[in-house]
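Trainee: Below are the structure tokens for one structure; questions will follow.
The values are calculated or read from the model by the stated rules, or taken from the named source; none is laboratory data. Please read these numbers as outputs of a predicted model, since none were measured by experiment. We place every Cβ from the backbone using ideal geometry, glycine too, and count neighbours over all the protein chains shown.
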């Protein structure tokens, strides 16, 4: 994968201490699965983010930016979640598949997960570190569901691992508008995440 280029004085450069480093982006697509979008745990509000995420994926593939699909893939003994939410996104079921509208390409990364955070017990961090010829990703662009649950937990784990984080404001969603807004506010205040519209992120990815 080749990192997207950016001018040294571009506002999108990532600030580390007293010097700047060009962003090496990755797109994370979190739980855009049949059960969450169309099925057992359907989020009606999620339909509106599908075309926005699609725009990001097209741009990422044009610019050799790695894409990571982080997908719930539960087992029957995952009682910590199944008791709360009921069976959903069970391994090897249609409900655990990415929706057709955002189907992964052969070059994208698939990260199965069994907990809220896409980092918890998965290969995500090592896979991120292995991109860009071993230089690794330094800036994560977050999309998917749900803003206040899995997105929030994933962003926390990205934060403590030193990643810079951009949340696609109109590329993430939750069951309610209040949950969505609260999740964005929390991640901005506590994890230093940048909250940006997809249209602005697309401009950043072009440099």
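Trainee: Quick check on this structure: which one of 158, 182 is over 18 Å from residue 57 (Cα atoms), within 15 Å of the chain's Cα centre (by Cα) and at pLDDT 95 or above? Spell out how you get there, then give the answer.
Mentor: On the way: 182 fails: within 15 Å of the chain's Cα centre (by Cα).
Answer to the check: 158.
Rundown of residues vs (1) at pLDDT 95 or above; (2) closer than 22 Å to residue 52 by Cα; (3) surrounded by fewer than 17 Cβ atoms within 10 Å (Cβ to Cβ), yes/no style:
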residue	(1), (2), (3)
87	no, no, yes
92	yes, no, yes
107	yes, yes, yes
110	yes, yes, yes
118	yes, yes, no
122	yes, no, no
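Trainee: Restricting attention to region 56-90, which residues are more than 23 Å from residue 158 (Cα to Cα), in a helix (DSSP H, G or I) and touching a residue at least 40 places away in the same chain (Cβ under 8 Å)?
Mentor: Passing the criteria: only 85.
Trainee: If you don't mind, there's one more thing I want to ask. Of all residues in region 167-186, how many are touching a helix residue (DSSP H, G or I) at 6+ places or on another chain (Cβ under 7 Å) and without any contact (Cβ under 8 Å) to a residue 40 or more places away in the chain?
Mentor: The number of residues fulfilling the criteria is 4.
Trainee: Take residue 50 and tell me if it is under 30 Å from residue 135 (Cβ atoms) and modelled with pLDDT of 95 or more.
Mentor: Working: under 30 Å from residue 135 (Cβ atoms): no; modelled with pLDDT of 95 or more: yes.
Considered against the rule, which asks whether it is under 30 Å from residue 135 (Cβ atoms) and modelled with pLDDT of 95 or more, residue 50 comes out as no.
Trainee: For region 121-141, give me each residue that is out of contact with any strand residue (DSSP E or B) (no Cβ under 7 Å at 6 or more places or on another chain) and either closer than 24 Å to residue 40 by Cα or outside any loop (DSSP other than H, G, I, E, B) (or both).
Mentor: 125, 126, 129, 132, 133, 134
Trainee: Name, by its number, the condition in (1) free of Cβ contacts under 8 Å to residues at least 40 places away in the same chain; (2) more than 20 Å from residue 60 (Cβ to Cβ); (3) outside any helix (DSSP H, G or I) that does not hold for residue 106.
Mentor: For residue 106, the failing item is (2).
Trainee: What about residue 181, is it surrounded by fewer than 17 Cβ atoms within 10 Å (Cβ to Cβ) and part of a helix (DSSP H, G or I)?
Mentor: Working: surrounded by fewer than 17 Cβ atoms within 10 Å (Cβ to Cβ): yes; part of a helix (DSSP H, G or I): yes.
Here the answer is yes, as residue 181 does meet what is asked.
Trainee: Oh, and also: Which residue out of 167, 201 is surrounded by 13 or more Cβ atoms within 10 Å (Cβ to Cβ), assigned to a strand (DSSP E or B) and touching a strand residue (DSSP E or B) at 6+ places or on another chain (Cβ under 8 Å)? If you could, list the steps in order and put the result at the bottom.
Mentor: On the way: 201 fails: assigned to a strand (DSSP E or B).
Unique residue meeting the criteria: 167.
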